[in-house]
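Only one structure is covered here, and it is reproduced in the block below.
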Amino acid sequence: MHLQIELFSGELLDLMRKVYNDPNISDMVKFDGVTMPEQYEKLADAVENFQVRDDDIWVCSFPKTGTTWTQEMVWCIANNLDYGRGRVPLKDRFPNLEVSVHADFPEIVASNPDIQIPEAVVDSIKYIANSPSPRFIMTHLPFNLLPRQLRTGEKKPKIVYVVRNAKDTCISSYHYLRTLEDLQGSFEDWCNLFLQDAVMYGPFWKHVLGYWEKRTEGNLLFLKYEDMKQDLPGVIKKTATFLGKNFTTDQLLSLTEHLSFENMRANPATNNEDLIRRIKKVTRSTVDGKFMRCGEMNQWKFEMSPDIIERFDRWTRENLKGTGLYF
Ligand code: A3P
């Protein structure tokens, strides 16, 4: 394996072990500085050598920043608003490159024959490698862990990156993982892990800036969740132009409607309820919660203490200084 591994230790490792309560996830370590479960080692070479195609369309993001929303928007635009074919679950239409790292799926399938786990999840890289073009691929990997052909620019498929305010991302991930895995520890514990880049795919700002730095290369569109909330038709138009599509006003209206929080929450192809039900069977989590949870901006105003807000804001200022990116 070509990546350098660094271990967490001391109080931070104790906190990580306390909070992550999923027996299917091994300890987190750092792969070239990126926090991932140890089992990522098994996938790392396959990701590195993954054969990219110029006509792939990628959506990249840190988890809980509006990935699903962006995927559905990109897929619908690229497929000329084919809502009929869009009834196939988004996870199959737009698979996650490295999802197989989240658990030992072959083992889970073997020991839980009643739980159906889609092939796109059990062996995501093989599933995507065998898919016909044009492929739609989602990844939460930071730029420095992307397949070599993407990093070096040998292949230049279109990439859409979406980012969200760090505080709301942290809140969204806390609720999501509590539901899925029955996360232990308090919300404050989770914020402490987030601020110390000890959550999966962290460091958060390095993730964001790794893509931000590529925004002028022509094949990358950089979006903000907050802009989608404030002006979805504007973001749709921008994305359509990036993908070489042009829609009528009526088509734009219909896509805006299709992508509303309420419609995506009611849509079994996008609300991930089926997937969450299956994962909870494995993790045995009894915590109630939805993937499409509230879909609002500025939740931090209601869920974070002044002290945590101050720490997040300082951390954000320090990391974004001089980058031209702001929140
Ligand atoms: P909340 O937990 O704050 O509600 P991801 O897809 O990256 O996991 O991000 C999930 C977050 O995006 C969740 O945030 C989810 O509700 C929100 N989201 C998904 N679809 C949305 C939509 N159509 N409008 C607004 N927010 C949406």
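What's the total number of residues in the range 86-116 that are aliphatic (A, V, I, L, M), over 19 Å from residue 40 (Cα atoms) and buried (at least 19 other Cβ atoms within 10 Å of the Cβ)?
Matching residues across the range 86-116 total 1.
Quickly run through the range 191-229 and pick out the residues that are assigned to a helix (DSSP H, G or I) and without any contact (Cβ under 8 Å) to a residue 24 or more places away in the chain.
227
Output the residue which, of all residues in the range 165-185 that are outside any helix (DSSP H, G or I) and surrounded by fewer than 21 Cβ atoms within 10 Å (Cβ to Cβ), is nearest to the chain's Cα centre (by Cα).
165
Any residue at all in the range 285-299 that's without any contact (Cβ under 8 Å) to a residue 40 or more places away in the chain, more than 22 Å from residue 230 (Cα to Cα) and part of a loop (DSSP other than H, G, I, E, B)?
No, the range 285-299 contains no residue that is without any contact (Cβ under 8 Å) to a residue 40 or more places away in the chain, more than 22 Å from residue 230 (Cα to Cα) and part of a loop (DSSP other than H, G, I, E, B).
So if I check each of 199, 122, which one is touching a Pro at 6+ places or on another chain (Cβ under 9 Å) and surrounded by fewer than 20 Cβ atoms within 10 Å (Cβ to Cβ)?
122
Criterion first (out of contact with any Phe, Trp or Tyr (no Cβ under 9 Å at 6 or more places or on another chain), assigned to a helix (DSSP H, G or I), within 14 Å of the ligand (Cβ to nearest atom) and not acidic (Asp, Glu)) does residue 235 satisfy it?
yes
Take the range 285-296 and flag every residue that is within 10 Å of the ligand (Cβ to nearest atom) and surrounded by fewer than 16 Cβ atoms within 10 Å (Cβ to Cβ).
Listed by number, the residues that qualify are 289, 290, 294, 296.
Sort through 107, 188 and tell me the only one that's assigned to a helix (DSSP H, G or I), farther than 25 Å from residue 31 by Cβ and away from the ligand (no atom under 16 Å from the Cβ).
Unique residue meeting the criteria: 188.
Within the range 125-159, work out how many residues are touching a Phe, Trp or Tyr at 6+ places or on another chain (Cβ under 9 Å) and assigned to a helix (DSSP H, G or I).
9
Quick one: which of 62, 143 is crowded, with 22+ Cβ neighbours inside 10 Å and within 14 Å of the chain's Cα centre (by Cα)?
62
Taking into account only those residues within the range 65-82 that are within 8 Å of the ligand (Cβ to nearest atom) and either on the phi > 0 side of the Ramachandran plot or not in a loop (DSSP other than H, G, I, E, B) (or both), which is nearest to the chain's Cα centre (by Cα)?
67
Each value in this text was obtained by applying a stated rule to the coordinates, not by laboratory testing. From a predicted model like this one, the values you see are computed outputs, not experimental measurements. With ideal geometry, Cβ positions are generated from the backbone for all residues, glycine too; neighbour counts draw on all protein chains shown.
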